[in-house]
1. Which members of the stretch 282-293 meet the condition of being in a loop (DSSP other than H, G, I, E, B) and touching a residue at least 40 places away in the same chain (Cβ under 8 Å)?
2. Those residues that are surrounded by 13 or more Cβ atoms within 10 Å (Cβ to Cβ) and either among the small types (Gly, Ala, Ser) or modelled with pLDDT under 80 (or both), I need them from the stretch 202-220; list them, please.
3. Inspect all residues belonging to the stretch 455-467 and state whether any of them is in a loop (DSSP other than H, G, I, E, B), among the small types (Gly, Ala, Ser) and surrounded by 14 or more Cβ atoms within 10 Å (Cβ to Cβ).
4. Of the residues that sit in the stretch 44-77 and are under 15 Å from His343 (Cα atoms) and without any contact (Cβ under 8 Å) to a residue 40 or more places away in the chain, which one is surrounded by the most Cβ atoms within 10 Å (Cβ to Cβ)?
5. Given the criteria assigned by TED's automatic domain parsing to the domain that holds Gly222 and within 10 Å of the chain's Cα centre (by Cα), does Ala88 qualify?
6. Examine the stretch 394-404 for a residue that is surrounded by 15 or more Cβ atoms within 10 Å (Cβ to Cβ) and among the small types (Gly, Ala, Ser), and state whether such a residue exists.
7. Residue under question is Pro140, and the condition is that it be at pLDDT below 80, under 30 Å from Ala30 (Cβ atoms) and not acidic (Asp, Glu); does it hold?
8. State which residue is surrounded by the most Cβ atoms within 10 Å (Cβ to Cβ) when the search covers only the stretch 221-279 and only residues that are out of contact with any helix residue (DSSP H, G or I) (no Cβ under 7 Å at 6 or more places or on another chain), among the hydroxyl-bearing types (Ser, Thr, Tyr) and not in a loop (DSSP other than H, G, I, E, B).
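The values are calculated or read from the model by the stated rules, or taken from the named source; none is laboratory data. None of these values were measured; they are calculated from a predicted model. Glycine also receives a Cβ, built like all others from the backbone with ideal geometry; neighbour counts cover every protein chain displayed.
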Amino acid sequence: MPTYTAPGVYVEEVPSSQKVLASAPTAVAAFVGFTERAPLDDPNDPDGLAPRLVTSWSQFEQLYGSFVDGAILPLSVFGFFQNGGTLAYIVRIPHSTPAGEPSTLALPAADRSLGHPLEITSVEPDADVTVTVESVDQAPEDDGPAAFTINVVVGGKTVEEFPDLTFGGPRDAATVINKTSTQIKVEVKLAEDVDLATQLELLKPGQYALKKAAPVPAPVNGRKFAGSEAARTGINGLAIAEDVTMVIVPDLITAATKEDGSIDLALWKAVQTSLIAHCELHSNRMAVLDAPPGMGPQQIKEWRSDTAMYDSAFAALYYPWIKVENPVGSNGNAEVFIPPSGHVAGVWARTDDTRGVWKAPANDTIRGVLDVERAITQNEQSLLNPIGINCIRPFGTRGIRIWGARTLTSDTDWQYINVRRLFNMVESTIMTGTQWAVFEPNDVTLWEGVTRTLTGYLHGLWQSGALFGASADQAYFVRCDATTNPPESIDAGKLVVEVGLAPVKPAEFVIFRISQNKQSAS
């Protein structure tokens, strides 16, 4: 309490007895897999392995490159943003090693018909080197060859300068550069019949990066996917991205495909098991899993029941794979089958935005999908739905839709995705929004303040349709009083609050009972 000793008017600010809770984010995805390149803008992460947040496809391209053969992650991320996603962390897994060969550049001529007058090679293997060619001028001697300048740039800084170079003579480009440069070697490829007039405009001014040799593919095992929390790599590296709520590993198929084209199902299970364990440890997130490709309904049922044997409320499995446009198409195919997890995560995000996390992310179309790997019938899905396999099915003019909303748990309390994600959101919101109560006097004033805060938040959820019940009393309860906080609990420094929710569950089976209404004689 302030002390007043001098006469006057005093103003005191009284803190509110009720805090306002804002729902935690629910649609933040994380993608773990392969990319075209690593981001190079963080000196603390030179290999680009730590989680990085991207908010659009264009930002992803700037950091990690675009579509590329041997990587499914870019297609998956593109599908996520295409379907309504807005926030995604990218975790790059290294899947190749440097070739160990020099970087090269064939410096182009201004006239393409003259080919490449200079060939430049880096001294060090796999070097990141750029050269700049400045404008070509006539040498001081009217009858001498054309002069030009080549600068060598490494790490954004000019490290070597070679002015007044010529083709031939005492300042011959190859002679001067090869004698003194520690970065590059040059070989002149000037045709013998190129006259002086042509030499004056031969080289095309500009900046040119030496091209590295193609990296050598390296095997990726389950341990690399799992990564390390301490090193900020792989799935476990996502521990630093506390707001992630969905985790996807689309490049599992890339690593699990053997040389003969078959799938290493042991690796498939190992990685997905690590992913599920991570999501259960960080209980605000869920694993969006892909079924192995090429399996029929009976095969996927047996794999789910006899091989995978997952039992988790923090994972959802989708089947079958989807067909999308192939932006690379190097093999001549304009279309390609990919795992659906990235597109599905985008639908989750879209549903959260338009309806709320309490709405089951199902019976909604998937944007950008041309077809499915296998059309599933109603009877076939009757085998898969009870064991938590969510099917993606075509419905003619109604499009291709997600037709399932179950988790992989055997606990019926958590069998629906939206119920698990609703509780994830509420728990994260309460944990974050009630930090103000720590170290407050543990008395009736604190109990009432916490009760008012939680009641106000849960009442808003009920009014939004997130909770079931004709009245607020049916939808939720908050208890924080002497019954939940006896003296021994207070002496132990504990504040115990009991919260109960009645979540809205999806109408998975809509049943109409129809009968004939026959008129009887009066």
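1. From the stretch 282-293, those in a loop (DSSP other than H, G, I, E, B) are 282-285, 291-293; that's our starting set.
Scanning the stretch 282-293 gives His282, Ser283, Asn284, Arg285, Ala291, Pro293.
2. From the stretch 202-220, those surrounded by 13 or more Cβ atoms within 10 Å (Cβ to Cβ) are 202-204, 208, 210, 212-213, 215, 220; that's our starting set.
Selection gives Leu202, Leu203, Lys204, Ala213, Pro215.
3. Step one: of the stretch 455-467, the residues in a loop (DSSP other than H, G, I, E, B) are 465-466.
Pick out the ones that are also among the small types (Gly, Ala, Ser) and you get 465-466.
If we keep only those that are surrounded by 14 or more Cβ atoms within 10 Å (Cβ to Cβ) as well, we get 466.
Yes: one or more hits.
4. Step one: list which residues in the stretch 44-77 are under 15 Å from His343 (Cα atoms), which gives 56-57, 72-77.
Still in the list and also without any contact (Cβ under 8 Å) to a residue 40 or more places away in the chain: 56-57, 74.
Values: Ser56: 13, Trp57: 18, Pro74: 27.
Looking at the filtered set, the residue picked out is Pro74.
5. Values: assigned by TED's automatic domain parsing to the domain that holds Gly222: yes; within 10 Å of the chain's Cα centre (by Cα): yes.
Criteria met by Ala88.
6. Kept after step one, since they are surrounded by 15 or more Cβ atoms within 10 Å (Cβ to Cβ), are these residues of the stretch 394-404: 400-404.
Pick out the ones that are also among the small types (Gly, Ala, Ser) and you get 404.
Yes, that holds for at least one residue.
7. Details: at pLDDT below 80: yes; under 30 Å from Ala30 (Cβ atoms): no; not acidic (Asp, Glu): yes.
It is false that Pro140 is at pLDDT below 80, under 30 Å from Ala30 (Cβ atoms) and not acidic (Asp, Glu).
8. It comes out as Thr233.
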